[in-house]
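This report refers to the structure that appears directly beneath it.
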Amino acid sequence: MSKKIRNMTDSNMLLSITIIVFLLMYIGAIIFQGKGFTKPQTFFNILNANAGLIILACAESLVMITGGIDISVGGMTALVSMCCAVYLDHHNGNVPVSMLIALLIGLAYGLVQGYLVAYLDIQPFIVSLAGMFFARGMTTIVNSDPFNVVNEQFVALKLTRINVPGMGSINKKGVYVNAYVEIGVIIAILIVILMFVMLRWTKLGRSFYAVGGNKQSALMLGINVKKTKFLSHLICSVLAGIGGYVYFLHVGSGAVTNGQGAEMNAIASSIIGGTMLTGGVGNIIGSFIGVLSLATIQNIVATAGLGEAWWTGITIAAMLCLFLVIQSVLMARKKKMMKK
Amino acid sequence: MSAKKNSLSDLFGKIVRQQIFIPIAALFILLLFNLIFDPGFFVITLGENSAGDPVLSGNLITVINMGSELAILAIGMTFVTAASGGQDISVGAAIAIAGSVLLRVLCGDNTRPAAGELQTSFLVAFIVSCIVAMAFGAFNGVLVSIFKIQPMVATLILYTAGRSIAAWINNNELPIISDPEFGYFGGFIPGIPVPTPVFIAIACMIVAALVLKFTNLGLYTQAVGINENSSRLNGLNPVFIKWLTFVILGLCVAVAALIKVSRLSSINYSVIAKDIEMDAILAVALGGNALSGGKFNLWASIIGAYVIQLLTTTLFKYEVPSDALPAYKAVVVILLVVFSAPTVREKLAHLKKSPAAKKGVA
C-alpha cells in the first residue's frame, strides 16, 4: 500500500481521494436521504444547474496549475450575462451574435489580464481583483435592474432538452420519463474533455504544468514562461466568457447578482479536485468532480430539511477544511516517505 | 551647475524609489484632482448633530472617519502578508462574526433592549468579541502555519462559513441597540467634534508603532517572510510567528467590528463589511508591499487604506452610484499597480536616463 502511494504522482493521489469522497458522499446520500438521489434525473439536475460553474472551475484550474489565480470569473459571469441579456432584449439581437459578445468579452479580459500578469509582472491576485471590481461595476453601468430575457430564439435554446439514452425513471403517475440534460451540459463536458486532452497530451498543456511547478527549470527547458502565463490567463478568460454564457443560458436573466461568489466556488471546486494553489499540480477531471461534490453537498443540505440558509455555507466550509487538511497531511507523509 | 542638477535628480530618484512614495503620491494626485475640479472638497464645517452636540463635517472628515476600519485592518493584514506571503480573505466574514458576538453578549435573548436593559457592560462584550475573533484568527493561523495550507485557500474556509456562522450566533435575528452610548464608538462622543473612529484608529496605530519599536515582531515577521528555513536555522520559530500574525489580525478584526456595529447600532450579516477584505489587501498592495511576503512598511499600508477611502469619497461626491463604484476603482487600481510595477518603473527610469545620457555625450 505504502509503495503504491509512493509511486502515485501528487495529482493522481489527490484525484483519487476526491473521487472516493464524492462516491462515498453520493452513496451516503442515497442511503440516508432515500429515493430522491436514486433517480438519474437528480444527478443530471445537478449537472444542469452547475454547467456554468464546471466551465469556470476548468478555467480556474488552468490558471492555478500555472501558478496564478483569477478571481474575476464570477464578475465576468455577471457582465457577460447582463451584456447578452441587454443585447437580446433591448436591441432585439440574435443568439449567435450574443455568443460572439460573450467570447469577445472573454477575449478582451484575457488579453488585458494576461498582458498585465505575464509581461508587467503584476501579481495575478491584484490584477484579477481589479478585473472583478471592473466587471461588477460595469454590469451595474450597463443595466442595474434584473430582468428575464424573453427573446424567442434564446428561450427556445434555453428550453432545448437533450434526452439521455437509457436513463430515466418512472414518475408518480407511472409514466416513464427520460432523463434530460440542457445544452450547457454538453458544452461543459466537451470543454472538460478538451481541456483534459490539452493538459495531458499536448506540448502546451505540459508547459503549463512546468511553469507552475518551477519557473526557473521551465525556463531552462526552453519554455517561454511569459508566453505560457499569458496564454493561461487568455484561455481562462475566454473559458470564463463561455462559462458565463452557459450560466446565462441556464438562469435566463440578466442581473447584477448573477454569479455572486462564483469565483470562490470555482476555486473551492478546484481545490477539492486536487489542484494546488502553489501551481504545478492539478487535474481537470478532479475539478469537474469538485463541482459535483460541492453541488451534491448543497443538495443534501437542502433535502435534509436543514432549511436555515446558514447550513449550506457551514457544510461547504467544513468539507473544504476536511479536504485541505487531508491533502496537507498526505503530502507531508509522502514527503517523509520519499526522504526515507 | 550640472553637478547640482545631478544631485537633485539623484535625490529625486531616491525619493521615488522609497516604498512609501507610491501611496503618498497617489494621495497627492487624488487631492490635487479634487483641488482643481472642486476646491469645495476641502471645506470643513462645524455643525450640530441631532443631539445638539458640535460635530465637524466635510469630505476630509468623512475620509478619515470612514477609513478608520480599513486602516485598522491594514495593520493586521500587513503583518499577515509579510509573514505568510499570503492574504487573509476572511476578514469581512470575521467582522460579521465578531459583530454578531458583540451584539449577542450585549443583548442576550432580547433583540430589542431598551437603554438600560443591556446584559453586560460594553467592555465585557468587546473583550468577548475580541477573544472570539482571535480564536477564529488562530484557527486560520493553525491551518496556515501547522498544516502548511496557502493562506488564501485556508481562509477561504472562514470566508465561506463566516457570515453563516454570524447569522447562526444570533439565530438569524437582527438585534438593535437603542442605547445612545453604544453609538459613541462609531459616531461622536458628546462635546468632542471629531468622530470617535479616528481616535480608535490612531490608538491602534500607536499600539502598532510601540510594538514595532519595543519588540522584534517586525524583524521576525520579515525574516520568516523572506526565508522560512533560514529564519528557523537562526533560532526563530516560523510556525509560531505566522500563527501570531493571524491572531493579531483577529484582534484588528474585533476592533473594526466594534466600529462597524456601533455605526449602525445593529448588524446585517450579509452586508456588513462586504468586500472589505479586498480593500484591505488592496491597501497593502497600494502601500507597495510585496504580496508574496517579506519586507513591509506598515505606514505605507495605512496611507494606502486612506487613499482607497479618499477615492471612494471622491467618487461618491461626483454622484457615482455605489454599485458602479467598483468599475472606477478598478481603473484607478490598475493605473496605480501598472505605474508601481517594477518592470514599468525600470522602463520609465530608462526613458528618463537615455536623453540625459545623450546630452552628456554631446
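Note on segment B:283-302: residues that are more than 9 Å from the chain's Cα centre (by Cα) and either assigned to a helix (DSSP H, G or I) or under 15 Å from B:Asn34 (Cβ atoms) (or both) total 5. Any residue at all in segment B:157-171 that's within 20 Å of B:Arg263 (Cβ to Cβ), touching a residue at least 60 places away in the same chain (Cβ under 8 Å), in contact with an Asp or Glu (Cβ under 6 Å, 6 or more places away or on another chain) and not in a helix (DSSP H, G or I)? The answer is no; no qualifying residue exists. Taking B:Phe147 as the residue in question, decide whether it is within 14 Å of chain A (Cβ to nearest Cβ) and surrounded by fewer than 21 Cβ atoms within 10 Å (Cβ to Cβ). Yes.
Cβ-Cβ distances below 7 Å connect the following pairs, each with a first residue in segment A:252-263 that is of a type in the set (Ser, Thr, Tyr), a second residue that is surrounded by fewer than 16 Cβ atoms within 10 Å (Cβ to Cβ), and a separation of six or more residues or different chains: A:Ser253/A:Pro146; A:Ser253/A:Phe147; A:Ser253/A:Asn148. One residue is enough: does segment B:163-183 have a residue meeting the conditions over 20 Å from the mean Cα position of the chain (by Cα), more than 11 Å from chain A (Cβ to nearest Cβ) and modelled with pLDDT of 90 or more? Scanning segment B:163-183 turns up no residue that is over 20 Å from the mean Cα position of the chain (by Cα), more than 11 Å from chain A (Cβ to nearest Cβ) and modelled with pLDDT of 90 or more. Of the helices (runs of 4 or more DSSP H) lying entirely inside segment A:82-182, those carrying at least 3 residues that are within 14 Å of chain B (Cβ to nearest Cβ) are A:95-114, A:124-142. Consider segment A:39-49 and keep the residues that are out of contact with any Phe, Trp or Tyr (no Cβ under 9 Å at 6 or more places or on another chain) and touching a residue at least 60 places away in the same chain (Cβ under 8 Å). The one that is farthest from A:Ser287 (Cα to Cα) is A:Lys39. If a residue has to be within 19 Å of B:Lys295 (Cβ to Cβ) and among the β-branched types (Val, Ile, Thr) to count, how many in segment B:194-234 make the cut? Number satisfying all stated conditions: 5.
Residue by residue, here is whether (1) more than 11 Å from every other protein chain (Cβ to nearest Cβ); (2) assigned to a helix (DSSP H, G or I) holds:
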position	(1), (2)
B:Ala98	yes, yes
B:Pro113	yes, no
B:Val124	yes, yes
B:Ile131	yes, yes
B:Val142	no, yes
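When B:Asp38 is tested against (1) surrounded by 12 or more Cβ atoms within 10 Å (Cβ to Cβ); (2) out of contact with any Asp or Glu (no Cβ under 9 Å at 6 or more places or on another chain); (3) modelled with pLDDT under 80, only condition (3) is not met.
Checking each residue of segment A:268-286 against the condition of being modelled with pLDDT of 85 or more, surrounded by fewer than 23 Cβ atoms within 10 Å (Cβ to Cβ) and out of contact with any Cys (no Cβ under 9 Å at 6 or more places or on another chain) gives at least one match.
Determine whether segment B:314-331 contains at least one residue that is more than 10 Å from every other protein chain (Cβ to nearest Cβ), among the hydroxyl-bearing types (Ser, Thr, Tyr), in contact (Cβ under 8 Å) with a residue 24 or more places away in the chain and in a helix (DSSP H, G or I). Yes - at least one qualifying residue is present in segment B:314-331. When you check B:Thr343 against the structure, is it modelled with pLDDT of 80 or more and outside the structural domain of B:Val211 (by TED's automatic domain parsing), yes or no? So B:Thr343 fails the test.
The values are calculated or read from the model by the stated rules, or taken from the named source; none is laboratory data. Treat the numbers as computed from the prediction; the structure is a model and nothing was measured. Cβ: placed from backbone, ideal geometry, glycine included. Neighbour counts: every protein chain shown.
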